[in-house]
Amino acid sequence: MEACIGNRVARASAMAAFACSIVLSPVVASATELLLAPNPWLAVDRNREGIVADIVSRWAEVTKSAKTGVLSEAQLREALAKLRADQLFSASLAGNYTALLNVFVEAGALSDGRAGAKPQQKVAGSGPELVYAPVTPCRILDSRYGAGGSLAAGATQSFKATNPGGTFSSQGGSASNCGIPVKAQAVTLNFTVFNTGAGPAFIAAWPFGQPNPGTATLNWTSAGAQVANGSVLPLCKGAGCTADFSVFASSNTDMVADVVGYFTEPSGGFVLTVAPSGAQYTSIQAAIDAAAAVATQSQPYLVKVAPGTYTEQITLKNYVDLEGSGLNRTQIQWSAGWPTMNAGAAAEVRSLRIDNFATGLLPAQGSVGVYVVGPNPEGFTVFRDVAIWALGPNDAYGIALASGSIWLLHSDVTAGQANGITTGEAVGINATGNSFVRVRDSRVSAQTTGPTRYAVERRDTTTMNVNNTAINGTIFGSPNCVSVFTFNLSPLTC
């Protein structure tokens with residue numbers, strides 16, 4: 001990293017569940033390339049009558065209860081008849097009665113005012129609700145090109161169905177994550193077999209780590225057949241999931257699989273969760289990287305972080321917001337150099353604490369909480385309700401900008417430690433180059449026994465607006481200040 005940060009750095013040149021299977025019509029393809037399998041929603045429509053009957057049967061006891069907010073069997077059938085194929089599919093996966101009604105409400109299928117009368121009880125043993133997200137059909141495996149090759153008669157192979165931080169190239173599939181940014185609970189796959197051995201024969205697919213269920217996912221009757229099949233496939237969960245699903249072939253065959261959608265728990269959607277255990281990710285950076293692979297300006301993502309201390313260095317990405325569980329509940333810390341967080345992306349950070357404990361001197365090993373380098377044409381980072389601490393015993397900078405922009409709202413920035421513990425430079429916010437900084441309704445403090453103690457430091461052509469903010473330390477470089485105060489609330493003139 002290269003930057004000009006404060007006095008010392010200005011002298012340096014560099015810084016150092018549920019599953020279903022619906023048989024589809026065979027697909028004709030050339031010998032050299034296999035076409036995508038048919039859209040599974042066509043299969044849903046073709047099997048609509050049976051799917052409706054299954055849903056009605058599953059909720060028979062509930063519909064007979066005559067409780068307030070519960071649909072009768074006739075009303076249930078009427079609502080199901082109004083659903084599109086994808087909505088009917090979601091209804092078939094509803095894990096409780098509330099989830100089923102939510103499908104109807106979102107589809108506008110309830111016309112009698114019952115939308116607000118939703119029973120909140122969960123049906124015993126029904127499992128968690130899942131949220132379905134369609135994706136552009138994408139190939140996750142092709143036995144002609146992937147590791148393991150063709151499926152041999154009587155053999156089982158295991159595969160990945162979701163790979164948020166990677167690709168499916170090793171399986172002969174796409175050189176992308178197929179637009180699935182999370183570890184899904186289940187996926188909708190189109191299986192197609194070709195170059196098949198003698199029949200009648202079948203393949204069976206099931207979650208990795210579980211026994212073969214003994215039920216066919218796809219069948220064929222003769223050698224050389226080409227058959228396609230749509231299937232909703234639950235995936236391996238928990239520790240030990242080195243793969244997502246397994247496939248058994250009773251006769252030798254080649255096979256491709258194309259993903260068309262995935263299912264997550266309600267927090268899945270456009271929110272990725274991080275926690276020391278029990279969430280989608282244990283690493284904040286891994287979640288940010290996974291979200292950034294699919295996030296756009298029109299569809300940003302949120303990485304939600306549970307309480308805990310996370311020891312890692314973070315680089316923010318465009319259109320991926322980061323939210324903790326509170327200033328004193330979610331802490332990101334780093335001590336092996338600086339900074340703890342590389343900012344400047346078009347993103348917002350809120351409700352967490354950022355600490356840096358690096359012990360050396362700037363520019364190489366000083367303590368820097370947040371660093372921004374260079375302008376970003378996509379936008380800038382907003383820090384809201386955040387505490388940023390640079391607590392190194394030598395040089396400490398809370399926020400350092402070498403060109404670029406940030407907004408700091410309702411936040412605290414502290415550089416250095418009191419009582420003589422920090423003996424080098426301490427700068428709360430340092431901005432150099434062509435930077436833009438806005439600070440509002442915040443507190444900025446610099447604490448050191450060394451010669452340099454700037455609460456805010458503006459250099460070069462930087463624009464710095466500091467509004468309604470308490471300042472503890474000297475102001476350098478005449479920022480544009482409006483209603484700036486010392487910590488004892490005395491007015492401070494820039």
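Could you please let me know if ALA225 is in a loop (DSSP other than H, G, I, E, B) and farther than 24 Å from ALA286 by Cα?
Yes, satisfied.
Suppose we keep only residues that are exposed (fewer than 14 other Cβ atoms within 10 Å of the Cβ) and in a loop (DSSP other than H, G, I, E, B) within segment 65-85. Which one would you say is modelled with the highest pLDDT?
Result: SER72.
Which of the residues that make up segment 301-317 are open to solvent by 60 Å² or more (accessible area, probe 1.4 Å) and within 14 Å of the chain's Cα centre (by Cα)?
LYS304, LYS317, listed by residue number.
Mind counting the residues in segment 351-375 that are buried (at least 17 other Cβ atoms within 10 Å of the Cβ), among the polar types (S, T, N, Q) and not in a strand (DSSP E or B)?
1
How about segment 332-348: which of its residues are closer than 16 Å to ILE288 by Cα and of a type outside the set (D, E, K, R)?
If the condition is that a residue be closer than 16 Å to ILE288 by Cα and of a type outside the set (D, E, K, R), then ILE332, THR340, MET341, ASN342, ALA343, GLY344, ALA345, ALA346, ALA347 are the ones that fit.
Can you work out which of the residues in segment 99-119 that are modelled with pLDDT of 75 or more and surrounded by fewer than 17 Cβ atoms within 10 Å (Cβ to Cβ) is farthest from TRP59 (Cα to Cα)?
Here the residue is GLY108.
Given segment 393-494, what strands (runs of 3 or more DSSP E) lie entirely inside it while holding 1 or more residues that are of a type outside the set (Val, Ile, Thr), modelled with pLDDT of 90 or more and on the phi > 0 side of the Ramachandran plot?
396-409, 426-440, 463-472
Hey, could you check segment 36-61 for residues that are of a type in the set (A, V, I, L, M) and at pLDDT below 80 and say which is nearest to ALA109 (Cα to Cα)?
So the residue we want is VAL44.
If you check PHE168, PHE248, which single one turns out to be more than 25 Å from the chain's Cα centre (by Cα), among the hydrophobic types (A, V, I, L, M, F, W, C) and modelled with pLDDT of 95 or more?
So the residue among PHE168, PHE248 that is more than 25 Å from the chain's Cα centre (by Cα), among the hydrophobic types (A, V, I, L, M, F, W, C) and modelled with pLDDT of 95 or more is PHE248.
Name the residues in segment 387-423 that are in contact with a Leu (Cβ under 6 Å, 6 or more places away or on another chain), open to solvent by 10 Å² or more (accessible area, probe 1.4 Å) and farther than 28 Å from ARG329 by Cβ, would you?
Result: ASN394, single match.
The values are calculated or read from the model by the stated rules, or taken from the named source; none is laboratory data. Every value quoted in this text rests on a predicted model; they were computed, and no experiment measured them. FYI the Cβ positions are ideal-geometry reconstructions off the backbone, even for glycines, and counts take in every protein chain you see. Calculation scope for accessible area: heavy atoms of the full protein, side chains included, ligands and nucleic acids excluded. Shrake-Rupley method; radii C 1.70, N 1.55, O 1.52, S 1.80 Å.
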